[in-house]
Amino acid sequence: MKNELKKDIPAVLEMLQARDPAWKHVKMLPKFKVLYQGWRVAELKQNVHSHLFYTKAWQRGWLSIDDWRRFRDYAMQ
């Protein structure tokens, strides 16, 4: 996928850290993964993508722009 059509998942973590300095603590990394898993479950309930899509996205560290925006909106609420 072209670089301009994808965004890194850790960019959402950086946004959370900018909003709330508590997210900068290393103990928040597992909570970020739980946040991603919660979003994944919500997306699976809506049949947006398959389970494998979200697993691979986490492993490679990026999402398409549209998926990333939905994750960002979920994380920032």
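Using every alpha carbon pair in the chain, what percent of pairs falls into each 5 Å bin from 0 up to the bin containing the largest distance?
For the chain, the binned pair fractions read 3, 15, 28, 27, 16, 8, 2 percent.
In degrees from 0 to 90, rounded to the nearest 10, what is the angle of the helix 10-19 Cα long axis to the longest principal axis of the chain?
40
Give me the dipole magnitude in Debye, nearest 20, for the chain about the Cα centre, with unit charges on the beta carbon: positive for Lys and Arg, negative for Asp and Glu.
Details: 15 positive and 8 negative charges, 38 e Å.
So the dipole magnitude of the chain works out to roughly 180 debye.
Would you mind checking which residues have amide H under 5 Å from W62's amide H? H placed 1.01 Å from N; only 5 or more apart, or other chain.
Here I9 satisfy the definition.
Which of the listed residues, H25, F71, F53, is farthest toward the dipole's positive end in the chain, when Lys, Arg count +1 and Asp, Glu count -1 at the beta-carbon?
So the residue we want is H25.
Bear in mind that the values in this text are calculations on the coordinates, not laboratory data. Nothing here was measured: the structure is a model prediction, and the numbers come from that model. A quick note on method: Cβ atoms are made from the backbone with ideal geometry, for glycine too, and the neighbour counts reach across all protein chains shown.
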